[in-house]
Amino acid sequence: MDKIRGEFIDIIEWTDDSRDTIVWRFPRHDNEIKMNAKLTVRESQAAVFVNEGQIADAFPPGMYTLQTQNMPILSTLKGWKYGFSSPFKAEVYFVSTRQFTDFKWGTQNPIILRDPEFGMVRLRAFGGFSVRVVDPPALLRELAGTDPQFRTEEVGEYIKSIIVSRLGTALATAGVPMLDLATQQGTIGDRLAPALSQELASVGLSIPKFVIENISLPPEVEAALDKRTQMGIVGDLNQYTQFQTANAIGDAANNPGGAGEGLGVGLGMALGQRVGQQYQQPYPQQQPGYATPPQGYQQQGYQQAPPPAGPPPLPQQTQWYVGANGQQLGPFDQNGLHQQVAAGTLTPQSLVWHQGMAQWTPAARVPELGTLFGATPPPLPPQG
C-alpha cells in the first residue's frame, strides 16, 4: 500500500529557498498526479502545466483542487471529453514572478558621442537593473525550455547585451550636454526601462527598474576638466600671483637662514621692482582741490602729447594703368608715366585708368595728364 500510495502525488507546491531561481520544475519523475490533488501557488509565483512538451494551463497565485474544470487545455490535450478522475502524468513548472534585483551592467567598450561643447567624447557607464517575469509560458518557450532549474545567471548576459546596444542610442538622443549627464542619469534610466521592457516582452520578461550609477570620461579628459575647474576657481591670475607671493614671503620670514633668506631676498627684489614700475607712472596734472603730486613722480601730465620725432610721411601718389597694344601695363606713378611717354608707349590716344575712375579714358581727355604731352600748336590756316 505504501508503494502504491507513493506512486501518486497529492500536493504540488514550491517553497523557494534560493534568491536566484527563476524557473523550478516540480520533481515528479515517474509518479502520476492524482486527480483532485492540491496545487498551492504562492504570491510572486505562477504554475505552468506541460503535457508531452506542449504548454497547457497556467495558474496564478492561489490554492487549487486539480479537476478537469480548471484544466481545460490539459483536458483537451489528454482527450478527457466526459470528465476524468484517474491519475495522470504532466510536468509542472513553477515560475517566480518577483523582481530580481541583483543584476549589474556596464559598458566594456566606450560609447562615442558628439557633444556640443567638447566635440567627440568617449563615455563609459555602469549601473544596475531589476528583472521580472510577466509571461511565464513565453519564458518557458523562448528561454527556459526543459531546464529543471533556470537561474538568473543564464539570462543576465543576454539582457546586458541588449542594454549596451540601447544605451548609446539613449544617450545620443537625450540631447543632454556631457557636463549635465550626472544630473540627468535618473531621467535617462526611466526612459530606458520601458524601451527595454518592450524589447524583452517576446521572451516574457520586463525591466521594472533601470539605474545608471555613473557615467565616466577617459582619464585624460577628466584631467583636462580638472585643470579647467582650477582656472575657474583661481579667477584673476594677477591677484592670485600676488597672493601666492605674499604667502611665500611670510613663509620665508618664518624660516630664517639658508634657502628661506635667499627666497625672501629674491621675492623682495621682485616686489620692489614692481612697486618702482608703478612709481614711475606719470601723475595727472594738478587741478584745484587736488594734493601736490608726491616727489619722484614725473611732472609731464597727460594733456600734452610729445612732439613728433620727424616730418609726416609724404602723400601717396596716384597709381595709373595704361592700355597699349591690347595689354594692361602698370601701375605707374607720375615719373613712370613720363618714361612711358618718352618710350612712345603712352600717347594722347592711349587708354588710361586709376582707382576712382568709372572707365578707361583716352589720356588726352584726362586733365591730370595734360602736362605729359606738352603744348601742341594748332594747324596752319589755309593759304589763299
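For the range 58-68, check the following and say yes or no: at least one residue is within 30 Å of Ile163 (Cα to Cα) and crowded, with 20+ Cβ neighbours inside 10 Å. Scanning the range 58-68 turns up no residue that is within 30 Å of Ile163 (Cα to Cα) and crowded, with 20+ Cβ neighbours inside 10 Å. Listed residues Thr15, Thr40; which is open to solvent by less than 40 Å² (accessible area, probe 1.4 Å) and over 17 Å from Arg141 (Cα atoms)? Selected residue: Thr40, the only one of Thr15, Thr40 that is open to solvent by less than 40 Å² (accessible area, probe 1.4 Å) and over 17 Å from Arg141 (Cα atoms). With respect to (1) in contact (Cβ under 8 Å) with a residue 60 or more places away in the chain; (2) part of a loop (DSSP other than H, G, I, E, B); (3) not aromatic (Phe, Trp, Tyr), the lone exception for Ile55 is condition (2). Evaluated against (1) open to solvent by 70 Å² or more (accessible area, probe 1.4 Å); (2) modelled with pLDDT under 90; (3) under 30 Å from Val48 (Cα atoms); (4) of a type outside the set (A, V, I, L, M), Gln108 falls short on exactly one condition, (3). Listed by first and then second residue, the pairs linking a residue in the range 299-322 that is among the basic types (Lys, Arg) to a residue that is modelled with pLDDT of 70 or more, with Cβ atoms under 7 Å apart and 6 or more places separating them unless they lie on different chains, form an empty list. Of the helices (runs of 4 or more DSSP H) lying entirely inside the range 60-177, the ones with 2 or more residues being over 22 Å from Trp14 (Cα atoms) and more than 32 Å from the chain's Cα centre (by Cα) are found at 72-78. Within the range 334-354, the presence of at least one residue that is touching an Asp or Glu at 6+ places or on another chain (Cβ under 9 Å) and open to solvent by less than 50 Å² (accessible area, probe 1.4 Å) is confirmed. Residues that are polar (S, T, N, Q) and either open to solvent by 50 Å² or more (accessible area, probe 1.4 Å) or on the phi > 0 side of the Ramachandran plot (or both) within the range 43-55 comprise Ser44, Gln54, listed in sequence order.
Each row is one residue, and each column tells you yes or no for (1) more than 60 Å from the chain's Cα centre (by Cα); (2) of a type in the set (Lys, Arg); (3) modelled with pLDDT of 85 or more; (4) in a loop (DSSP other than H, G, I, E, B).
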residue	(1), (2), (3), (4)
Val322	yes, no, yes, no
Pro331	no, no, yes, no
Gln339	yes, no, yes, no
Val352	yes, no, yes, no
Ala358	no, no, no, yes
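Are any of the residues in the range 80-96 out of contact with any Phe, Trp or Tyr (no Cβ under 6 Å at 6 or more places or on another chain), free of Cβ contacts under 8 Å to residues at least 12 places away in the same chain and either open to solvent by less than 30 Å² (accessible area, probe 1.4 Å) or under 29 Å from Ala37 (Cα atoms) (or both)?
Our first condition is that a residue be out of contact with any Phe, Trp or Tyr (no Cβ under 6 Å at 6 or more places or on another chain); within the range 80-96, this holds for 80-86, 88-89, 91, 93, 95-96.
Next, from what is left, pick out any that are free of Cβ contacts under 8 Å to residues at least 12 places away in the same chain: 81-82.
The next check asks that each one be either open to solvent by less than 30 Å² (accessible area, probe 1.4 Å) or under 29 Å from Ala37 (Cα atoms) (or both); those that pass are 81-82.
The answer is yes, given that some residue of the range 80-96 is out of contact with any Phe, Trp or Tyr (no Cβ under 6 Å at 6 or more places or on another chain), free of Cβ contacts under 8 Å to residues at least 12 places away in the same chain and either open to solvent by less than 30 Å² (accessible area, probe 1.4 Å) or under 29 Å from Ala37 (Cα atoms) (or both).
Of all residue pairs spaced 6 or more apart or on separate chains, those with beta-carbon atoms under 7 Å, a first member in the range 22-34 that is within 28 Å of Arg132 (Cβ to Cβ) and a second member that is part of a loop (DSSP other than H, G, I, E, B) and open to solvent by 50 Å² or more (accessible area, probe 1.4 Å) are Arg25/Pro148.
Going by the structure shown, is Val164 farther than 30 Å from Arg25 by Cβ, touching a helix residue (DSSP H, G or I) at 6+ places or on another chain (Cβ under 8 Å) and open to solvent by 30 Å² or more (accessible area, probe 1.4 Å)?
No; evaluated as a whole, the condition is false for this residue.
Listed conditions (1) at negative phi; (2) open to solvent by 30 Å² or more (accessible area, probe 1.4 Å) are all met by Ala144, apart from (2).
Taken over the range 113-141, the criterion of being over 20 Å from Asn214 (Cα atoms), of a type in the set (Gly, Ala, Ser) and open to solvent by less than 10 Å² (accessible area, probe 1.4 Å) is satisfied by Ala138 alone.
The values are calculated or read from the model by the stated rules, or taken from the named source; none is laboratory data. Please read all numbers here as calculations on a predicted model, not as lab measurements. Virtual Cβ from ideal backbone geometry, glycine too; neighbours counted across all protein chains shown. For accessibility, only protein heavy atoms count, side chains too; no ligands or nucleic acids. Shrake-Rupley method; radii C 1.70, N 1.55, O 1.52, S 1.80 Å.
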